[in-house]
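One structure is given below, encoded as structure tokens.
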Amino acid sequence: MKTTDTGKAGSNSPFTDGTWINDATRARALGHVAANTVDVAVVGGGITGAGVALDAVSRGLSVALIESNDFGSGTSGYSSKLVHGGLRYLTKADFPVAWESAVERRWLMQNIAPHLVHPLGFVIPDAKGSPAHEAVVAGAGVVLYDLLRRASGLRGTTLPRPQLLSSQAVSAMVPALEAKSLRRGLLYWDGQVFDDARLVLGVLRTAAGLGAHVMRDVKATAMDATSVTARDTRTGEPVNITARAVVNATGVWAAGFNETLELTPSRGTHLVVRSARLGNPHAAHTVQVPGHFGRYVIVLPQPTGVVYIGLTDEEDRHADGHRPEVPEHDIDFLLGVVNTALAVPLTRADVVGTFAGLRPLVRDKHVGSKEGTADISRRHLVTDIPGQPLTVVGGKLTTYRRMAQDAVDAAAARLGSTAPSRTKNLPLVGAARRRVLRGLNAPARLVRKYGTEAETVHRIALEDPLMAEPIFDGTEITGAELLFAVRAEGASSIDDLLDRRTRLALVPQDAERARERAGLILEIGFDARSEGAAGSEGTHSQETAK
């Protein structure tokens, strides 16, 4: 007979070692749910499920979360890496989504993850041959966008005000553009997350630090209002979770557990190009899709020496939600649009990688089915049907926190709990004010990636020359980062390390060069974990059932 987990944390320092997740914490979590009933069971380990787990556990509820694969291995790990205030939604007059996005961007950049979400400049070029009214409309949109930023409470010191650029300034910031064709440009600012998969891990690990029991490689096969039937995909053993409320946060798979949903999977494809090929741009820039007002292809420089070019927005009901195939026509479309603005057009040979994610869009049943996915609203939906699990779906990366709050509000109502959400002001593990981050004793590159935990990763490198070395010539990523991923971030395979802890797999050539060293460090991490499995790393604060 299962006993009830009270959700009361037993540590006065919930973020000391308790945020580490690995195979040892997974085993303890499996043992815990086998013997205890939790308040909230969450199915889905992407950003939405992670957000639900954190919101619930931070209200004092006991939580268990399962994910069928690696954390962030679905849509959440293959986005444009933007935390944006919704400029495109203004062009579609979708003001509720634009406002919600602007508000949630504020919480992420100022309170929740200032170590992971940084300002990124966006240039809207004004080409000499384009109609004058397009520049006027773009300028008005940017001014309105900045008004949203101010109304949301996001400080100008975090996101600067927009400004008009000369053609020379545009060329300096985005060297690949055809300089002779430019009249001027507009510069505005938005948020860019260092890595979307790292944001998922940060939310999950913060939840674990507060006592949530998180388990990867546990696949749900059925769920109802108070239980989840699942299977451990590593062993084939059944896993049965009993809860007072169950939340379906499975994204593009949500309709498989909720027949009332009408979901439209939309494929968002990106191309990966070396930054040097585009002159190492200092800002992102937009290229309007011909014949589609308000729709753009965006060229997004990354802090890792590559540029993403995206994105498509096409219905795709047959793709694998974990790693959708990129069709040839998506590549042709993106190259065709972006080359209209470049001085030296890109070729297929310049594309060193591609990736895509499937967005689970909630279609309005009152709108005809011929509506394209680019026109479907990014609003989220929480369904609360008596006798069934709660379902949260739709939305986007930027608004995950609000989605989670709404879902947990519904779960709390079922439980009779009145505790409010705390996540607006709850920093993730590694978060700190920017002046604190600047003073850390670690390389700036590591601080951008790990926040305050950069010192821990840097210490691993200082203690072992093997871990201080780059994992192959031409990268800055060291063995210390991979070892930390195994010890603290739930990585358990070479693919985990290359796909979601370093993102090297986005450029297959780089992943191949790193594979041998990654395998070696994975073995070292497993050996160290086996020797210290009884230690303090990753210890949960709710292991004792009341």
Checklist entry - For G490, all conditions in the list (1) within 24 Å of V218 (Cβ to Cβ); (2) out of contact with any strand residue (DSSP E or B) (no Cβ under 9 Å at 6 or more places or on another chain) hold save one; what is the number of the exception? => result (2)
Checklist entry - Given V429, V447, which one is part of a helix (DSSP H, G or I) and more than 21 Å from I524 (Cα to Cα)? => result V447
Checklist outcome for this item: By residue number, the members of the range 136-161 that are under 21 Å from H118 (Cβ atoms) and open to solvent by less than 40 Å² (accessible area, probe 1.4 Å) are V142, Y145, D146, L148, R149, S152, G153, L154, G156, T158, L159
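Of all the strands (runs of 3 or more DSSP E) wholly in the range 266-353, which have at least 2 residues that are open to solvent by less than 40 Å² (accessible area, probe 1.4 Å) and touching a His at 6+ places or on another chain (Cβ under 6 Å)?
Where strands (runs of 3 or more DSSP E) fall fully within the range 266-353 and carry at least 2 residues being open to solvent by less than 40 Å² (accessible area, probe 1.4 Å) and touching a His at 6+ places or on another chain (Cβ under 6 Å), they are 306-310.
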Item to check | L30, sole failed condition from (1) open to solvent by less than 10 Å² (accessible area, probe 1.4 Å); (2) modelled with pLDDT of 95 or more; (3) closer than 29 Å to I524 by Cβ | outcome: (1)
Checklist entry - (1) touching a helix residue (DSSP H, G or I) at 6+ places or on another chain (Cβ under 6 Å); (2) farther than 30 Å from H133 by Cα; (3) buried (at least 24 other Cβ atoms within 10 Å of the Cβ): which one isn't true of F194, the others all being true? => result (3)
Checklist entry - V239: at pLDDT 95 or above, touching a Leu at 6+ places or on another chain (Cβ under 7 Å), within 30 Å of D495 (Cα to Cα) and not acidic (D, E), yes or no? => result yes
Checklist outcome for this item: Of the listed residues (I477, I471), the one being in contact with a Gly (Cβ under 8 Å, 6 or more places away or on another chain) and over 22 Å from T19 (Cα atoms) is I471
Checklist outcome for this item: Checked pairs for the range 229-252, first in a strand (DSSP E or B) and buried (at least 24 other Cβ atoms within 10 Å of the Cβ), second at pLDDT 95 or above and among the basic types (K, R), C-beta under 7 Å and 6 or more apart or across chains, list as A245/R414
Checklist entry - Of the residues R435, R445, R414, R422, which is open to solvent by 60 Å² or more (accessible area, probe 1.4 Å) and closer than 13 Å to D55 by Cα? => result R422
Next on the checklist: Among (1) of a type outside the set (A, V, I, L, M); (2) out of contact with any Pro (no Cβ under 9 Å at 6 or more places or on another chain); (3) at pLDDT below 95, there is one condition Y89 misses while meeting the rest; what is its number?
Outcome noted: (2)
Next on the checklist: It is to be established whether one or more residues within the range 39-51 are modelled with pLDDT under 95, acidic (D, E) and open to solvent by less than 40 Å² (accessible area, probe 1.4 Å).
Outcome noted: no
Next on the checklist: G129 - would you say it is open to solvent by 50 Å² or more (accessible area, probe 1.4 Å) and not in a helix (DSSP H, G or I)?
Outcome noted: yes
Item to check | Residue list for the range 174-186, filter: surrounded by fewer than 21 Cβ atoms within 10 Å (Cβ to Cβ) and not charged (D, E, K, R) | outcome: P175, A179, S181
Next on the checklist: Considering only residues that are open to solvent by 20 Å² or more (accessible area, probe 1.4 Å) and in contact with a strand residue (DSSP E or B) (Cβ under 7 Å, 6 or more places away or on another chain), which ones fall in the range 101-126?
Outcome noted: H118, P119, I124, P125
Checklist outcome for this item: Note on the range 242-290: residues under 26 Å from G310 (Cα atoms), out of contact with any helix residue (DSSP H, G or I) (no Cβ under 8 Å at 6 or more places or on another chain) and among the small types (G, A, S) are A254, G268, S275, A276, G279, A284
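The values are calculated or read from the model by the stated rules, or taken from the named source; none is laboratory data. Everything quoted here is computed from the prediction, not taken from an experiment. Using ideal geometry, Cβ is built from the backbone for each residue, glycine included, and neighbour counts are taken over all protein chains shown. The protein model used for the area step is the full one, side chains on, heavy atoms only, and it has no ligands, DNA or RNA in it. Shrake-Rupley method; radii C 1.70, N 1.55, O 1.52, S 1.80 Å.
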